[in-house]
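Asker: Sharing a structure below in structure tokens format, with a few things to ask.
The values are calculated or read from the model by the stated rules, or taken from the named source; none is laboratory data. This one's a predicted model, so the numbers in the text were calculated from it and none came from an experiment. Here the Cβ is made from the backbone with ideal geometry for all residues, glycine too, and neighbour counts use every protein chain on show. Just the protein is used for accessible areas: all its heavy atoms, side chains included, with ligands, DNA and RNA removed. Shrake-Rupley method; radii C 1.70, N 1.55, O 1.52, S 1.80 Å.
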Amino acid sequence: MDVGDHAPENRGPASGHVPVMLGRVLAILTPAALAVTGRDPVYLDATLGMGGHAEAMLREVPRLRLIGLDRDTTALERSARRLAPFGDRVTLEHAVYDEIPAVLRRLGVPSVDAVLFDLGVSSPQLDEGERGFAYSYDAPLDMRMDRTQRLTAAEVVNGYPPAELARILREYGEERFAQRIAAAIVRERERAPLESTRRLADLVRTSIPAATRRTGGNPAKRTFQALRIEVNGELEIWGRALPAALDALPVGGRVAVLSYHSLEDRLTKRVLAAQAADTTPPDLPVPLPEHEPRFRLLTRGAELPSDEETTTNPRAGSVRLRAAERVREAR
């Protein structure tokens, strides 16, 4: 399962968590902040989590202003305590990351110089069994990153039509046995509502052929990923959020994205590649200035964590990093 802010094995000074690929993220984003002159640079951490990346950026760039967003009120409370020593350099907002334009307008901030997205579910969300994200705990089927929203995983598995359940499992979980699992869920919920993670995980396990269950880890992981993505609208939100963040960057501004499953990473790759492409019609002999790339890619493909990091923090094993820098204003 994918995670955002991570690593109980790596001890940070304030929270017990060190963020994934921290050194590489700093190497990508700090030059954009340090290059700003005439005003304080602004760093937007669009998925604040436990505040590990944000704390490191604030220490690295003394004049830096942080705008930190998170949909999880518990994460905001914890990161507020962690970042309290930085005083009024820190502004925290309870918001989903596709709300970037509205947040910046409300704060009167016309642009930001560096943006980080650390996607996925965080270690605290996984480790707090009552949140219902993990199949390793018996807990209510919840999976809400923002516990003020209405839709829960229990409502999805007990209320969605069979065809819609199968679609979610197939598209969001890339589950090849989606039809079988959806049919089993429908049969089971007719006897009694499915309300616990353990019961759902057991049901998924028995729905999958025995030969398949012997390889590839816990057979419930794809179903749990699919339900979490549906409950939190992750892919739809991501499809709006990344373009909005790119629009907020001035020339020289940079964005870094940490993705934890192929669906997020493919969307990230597609959006960044489109922004880094020359769109001059192919039949013209020379590039047109207004069609030149607006961004340049800062990573060659998707960068992976080091072997050392994945050894000490197995939850970082699936991370993929992509980054880009604005090189031309939109026209």
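Asker: Work out, in µm²/s and without decimals, the Stokes-Einstein translational diffusion coefficient of region 186-314 at 4 °C, 1.567 mPa s, Rh from Kirkwood over C-alpha pairs. Each step should come with its number before you reach the end.
Answerer: Values: Rh = 18.9 Å.
Once the numbers are plugged in, D ends up at 68 µm²/s.
Asker: First select every other residue whose beta carbon is under 13 angstrom from the beta carbon of residue 275; then total the charges, Lys and Arg +1, Asp and Glu -1.
Answerer: On the way: positive: 254, 269, 270, 294, 296, 322, 326, 328; negative: 247, 278, 292, 325, 329.
My count for the surroundings of residue 275 gives +3.
Asker: Hey, another quick one. Would you compute, from DSSP H runs of 4+ residues alone, the mean residue ellipticity of the chain at 222 nm, taking -39500 (n - 2.57) per run and dividing by the full residue count, rounded to the nearest 500? Intermediate results must be reported in sequence, preceding the final value.
Answerer: Values: 14 runs with 140 residues, N = 331.
So the helix-based figure for the chain works out to -12500 deg cm²/dmol.
Asker: Short version: ³J(HN,Hα) in whole Hz for each residue of region 256-273, in order, from phi by Karplus 6.51 cos²θ - 1.76 cosθ + 1.60 (θ = phi - 60°), x for Gly and Pro, what are they?
Answerer: Whole-Hz 3J(HN,Hα) from phi for region 256-273: 10, 10, 9, 10, 10, 8, 5, 5, 4, 5, 5, 5, 4, 4, 5, 5, 5, 5.
Asker: Moving on. Amide H neighbours of residue 48 under 5 Å, at least 5 residues apart or on other chains, H built in the peptide plane: list them.
Answerer: Sorted by chain and number, the residues that satisfy this are 69, 70.
Asker: Here's another thing I want to ask about it. For region 131-232, what is the accessible area per residue in Å², given a 1.4 Å probe and the full set of protein chains?
Answerer: On a per-residue basis, 45 Å².
Asker: Compute the Cα gyration tensor for region 139-193, then decide on rounded, prolate or oblate, letting a ≥ b ≥ c be the square roots of its eigenvalues: rounded whenever a/c is under 1.5, prolate when a/b is larger than b/c in the other cases, and oblate in all that remain.
Answerer: Working: a/c = 2.25, a/b = 1.33, b/c = 1.69.
Note, shape of region 139-193 comes out oblate.
Asker: Could you put 103, 90 in order of accessible surface area, largest first, with the 1.4 Å probe and the full protein assembly present? Intermediate results must be reported in sequence, preceding the final value.
Answerer: On the way: 103 5, 90 30 Å².
Highest to lowest solvent-accessible surface, that is 90, 103.
Asker: Then there's this: Quantify, in whole percent, the carbon and sulfur part of the accessible surface of the chain (1.4 Å probe; protein heavy atoms only).
Answerer: Solvent-exposed carbon and sulfur of the chain make up 52 percent of the total.
Asker: Please tell me the relative contact order of region 140-275 in percent, rounded to the nearest whole number, where contacts are Cα pairs under 8 Å and at least six residues apart.
Answerer: 26
Asker: Another one. Starting from the 7 Å offset along Cα-to-Cβ, what nm value, one decimal, do you get for the label separation of residue 171 and residue 279?
Answerer: Modelled inter-label distance: 2.5 nm.
Asker: Sticking with this structure for a sec: Along the charge dipole of the chain, which of 43, 134, 92 sits closest to the positive end, that is, farthest toward it, with unit charges on the beta carbon of Lys, Arg, Asp and Glu (+1, +1, -1, -1)?
Answerer: 134
Asker: Pull up all non-local amide H partners of residue 196: gap of 5 or more, or a different chain, and H-to-H distance under 5 Å with H placed in the peptide plane.
Answerer: 141
Asker: Roughly how many Å is it from the Cα centre of region 258-297 to that of region 46-103, as a whole number?
Answerer: 29
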